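Notes follow the structure.
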Amino acid sequence: MVEVRLEKVTKTFGKVIAVDNASLTFEDKKLTTVVGPSGCGKTTLLRMVAGLETPTQGSVYIGDKLVNEVPPWDRNVAMVFQSYALYPHMSVFNNIAFPLKARKRPREEIKKRVTDTAELLEVSELLDRKPRELSGGQMQRIALGRAIVRQPDVFLMDEPLSNLDAKLRVYMRAEIKKLQRLLGVTTIYVTHDQAEAMTIGDTLVVMNDGKICCIGHPDSVYSKPKDTFVATFIGSPAMNLLEGNLESDKGLFVTESLKYKLPNSMTRVTKEKGASKLILGIRPEDIIVENFKANGFVKTEVYMIEQLGRELLLSLKIGQHIIKAIAPTDIKLEIGGVAWMKFDETKLHVFDGKTDGLIV
Amino acid sequence: MVSLSYRQKRLLSQTIMYAVAAIIMIYCLFPIAWIFITSIKPPGAEFHIPIEYIPSKVSLDNYIEIFVEHKFHYYLLNSLVVASATTILVLAIGSLSAYAIARLRFKFRISSLLTILVVGMMPSIVMILPIFLIIRELGLMNTWLGLIITHAVFSLPITVWLLASYFAELPFDLEDAAKIDGYTPSSIYRKIIMPLSVPGLFSAGILAFIASWGEFMFALTLTHTIQARTALVLITTLPGAYHLKWGMINAGVILTLIPIIVIVLVFQKWVMRGLTAGAVKY
């Protein structure tokens, strides 16, 4: 059983704080995705687990062992790089065999394990080729093969799918997930693609600005975002946020262009927290749009219609605000025309306008 | 003015281009051709008037004479040993320091690179006295080793610069991947960096070889007998007090040129790849 534990880990490069006091546990046999915008410190976090960077402060444990001072070649971790990092002068066979050769395994064992791995990844016919003769998807598989052939304690994946085209990326996503289940190796998967992080991870870690924002199951991170950053970063198109004030006696949420009656339960909790400046969050798919006036619906102007294929992404204008909403493709709307919308009250999020934290 | 069609214009510009190229070629190659022609005339024929641009009689006497009378093969051997050993020494030291400069993070990285550059820009004449004294005190006068060390010193700066820019082009991920695959930095250097740097090593090595082979001043100062004196230096000592054997001297020049020409022809592919390192993505 191998879990990876970080305790109050900080990494600075000169004056830049890449990772700021991060504490978390990557659970045994689980696939944990670390997601965040570029420069949020997620890759640095991964490289500290790999041993390619040493923490400025704090401790990194693999299993029960403190590994701060253990160089990468003595840690039993495998890593897949965004660039694949295949050795250009070696055949595919030798690329996969390279970690085994470092461990001075007998020749027959190396041959068997490389062949087995190649079969598992369906790349047996490529073993004699050089990396430059491979396509991106094939290189990706070889890089995976080099990681799994050695049966490591931990898999580290640094944006492994970013260089693939969209279709292949979705396919490989499922392959990686399947492989990880099959092998049952603790995996840390870094990506900037929130959709990839959501679909592939057993646990989702969101990072921003060197700090860990939240840790949780992808569903709960999505449905109960901890703050406005997580709310807008996870989910595409992003959650709509409206800043405004609460007129607490009437339970009305008021912005420059909109007055909205909050459900009573929400008003009560918000009052208890004592917040008056609020941010109201609603996901585009939780907005109901009609082309006729109905009870409880608000009048908006259709600003933009984008075809997503399965559905429409609407930009609706109320006063100064643009609100994104998802609507079925058969709705009859035109740009500049009028649309009526209503929020699904069960899916509303209320954030504190001062701290950005979730209230309800 | 006659207006030319597109085809004619292209033809004209190509003609001019080749004409210019031909002029440059003749300018560079005529001296060598002249030396070669003189070397294959019978001894004494180089003084004949009118000048024979195409010798009426071809003879290898000049070549035979330089080998028999002056044991030129020993001097060629000296040159070969000194240049080869210099190349190996320069590549061994140069690649390690270039690797450190290109790859490791340490405090005086840039300043050490600039120091190397400054040393490389120093005219060798200002160094001749201190180096003469050092080599003499070390007891290395008139030895291969004394000349090898000296030549290595002067070839190192360019080698380090060339290799450092070459190493800097290799992706960092490859080294990180090898570390994670279980290799220590020294084995990564052997198994990943060196094999991928072959073109760079070739071009740096050939430059060092040619520089050592053609170096004159130190070879003249630090060696004085058949034990260590190089071919190039010997040639300058061939004019005697009472006679001037141009034919034989020119034969020596041709013999000294041949190894360089062979090396460049054989390895030109590698040299070109090395010199353009960094111009295109690996």
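The values are calculated or read from the model by the stated rules, or taken from the named source; none is laboratory data. Not measured: the values here are computed from a predicted model. Cβ atoms come from the backbone with ideal geometry, glycine included; neighbour counts cover every protein chain shown. Ligands, DNA and RNA are excluded from the accessible area calculation, which covers all protein heavy atoms including side chains. Shrake-Rupley method; radii C 1.70, N 1.55, O 1.52, S 1.80 Å.
Only one of the listed residues (A:Gly51, A:Gly58) is within 13 Å of chain B (Cβ to nearest Cβ) and either modelled with pLDDT under 90 or touching a strand residue (DSSP E or B) at 6+ places or on another chain (Cβ under 8 Å) (or both). That residue is A:Gly51. Provide a single number: the residues in region A:146-175 that are in contact with a helix residue (DSSP H, G or I) (Cβ under 7 Å, 6 or more places away or on another chain), part of a helix (DSSP H, G or I) and within 12 Å of chain B (Cβ to nearest Cβ). Number satisfying all stated conditions: 1. Yes or no: region B:192-202 includes at least one residue that is more than 14 Å from every other protein chain (Cβ to nearest Cβ) and within 26 Å of the chain's Cα centre (by Cα). Looking for residues that are more than 14 Å from every other protein chain (Cβ to nearest Cβ) and within 26 Å of the chain's Cα centre (by Cα), one finds at least one in region B:192-202, hence yes.
A:Thr186 - would you say it is of a type in the set (Val, Ile, Thr) and in contact (Cβ under 8 Å) with a residue 40 or more places away in the chain? Yes, satisfied.
Say whether the condition of being part of a helix (DSSP H, G or I), under 25 Å from the mean Cα position of the chain (by Cα) and not assigned by TED's automatic domain parsing to the domain that holds B:Glu215 is met by at least one residue in region B:77-91. So far as region B:77-91 goes, no, none of its residues is part of a helix (DSSP H, G or I), under 25 Å from the mean Cα position of the chain (by Cα) and not assigned by TED's automatic domain parsing to the domain that holds B:Glu215. Restricting region B:152-184 to residues that are of a type in the set (Ser, Thr, Tyr) and at the interface with chain A (Cβ under 9 Å from one of its Cβ atoms) leaves a set whose member that is most open to solvent (accessible area, probe 1.4 Å) is B:Thr184. Candidates in region B:41-69 are the residues that are among the acidic types (Asp, Glu) and either open to solvent by 50 Å² or more (accessible area, probe 1.4 Å) or over 26 Å from B:Ala231 (Cβ atoms) (or both); of these, the one that is farthest from the chain's Cα centre (by Cα) is B:Glu52.
Scanning region A:49-67 for residues that are in a strand (DSSP E or B) and open to solvent by less than 10 Å² (accessible area, probe 1.4 Å) yields a total of 1. Of the candidates A:Lys104, A:Lys178, the single residue that is part of a helix (DSSP H, G or I) and out of contact with any Phe, Trp or Tyr (no Cβ under 7 Å at 6 or more places or on another chain) is A:Lys178. Please specify each residue of region A:89-105 satisfying the condition of being at the interface with chain B (Cβ under 8 Å from one of its Cβ atoms) and either touching a His at 6+ places or on another chain (Cβ under 6 Å) or open to solvent by less than 30 Å² (accessible area, probe 1.4 Å) (or both). Of everything in region A:89-105, those that are at the interface with chain B (Cβ under 8 Å from one of its Cβ atoms) and either touching a His at 6+ places or on another chain (Cβ under 6 Å) or open to solvent by less than 30 Å² (accessible area, probe 1.4 Å) (or both) turn out to be A:Phe98, A:Pro99, A:Ala102. Scanning region B:24-40 for residues that are without any contact (Cβ under 8 Å) to a residue 40 or more places away in the chain and either over 15 Å from B:Glu52 (Cβ atoms) or open to solvent by 100 Å² or more (accessible area, probe 1.4 Å) (or both) returns B:Ile24, B:Met25, B:Ile26, B:Tyr27, B:Cys28, B:Leu29, B:Phe30, B:Pro31. So which residues in region A:172-198 are surrounded by fewer than 23 Cβ atoms within 10 Å (Cβ to Cβ), under 23 Å from A:Arg5 (Cα atoms) and of a type outside the set (A, V, I, L, M, F, W, C)? Selection gives A:Lys177, A:Gln180, A:Arg181, A:Gly184, A:His192.
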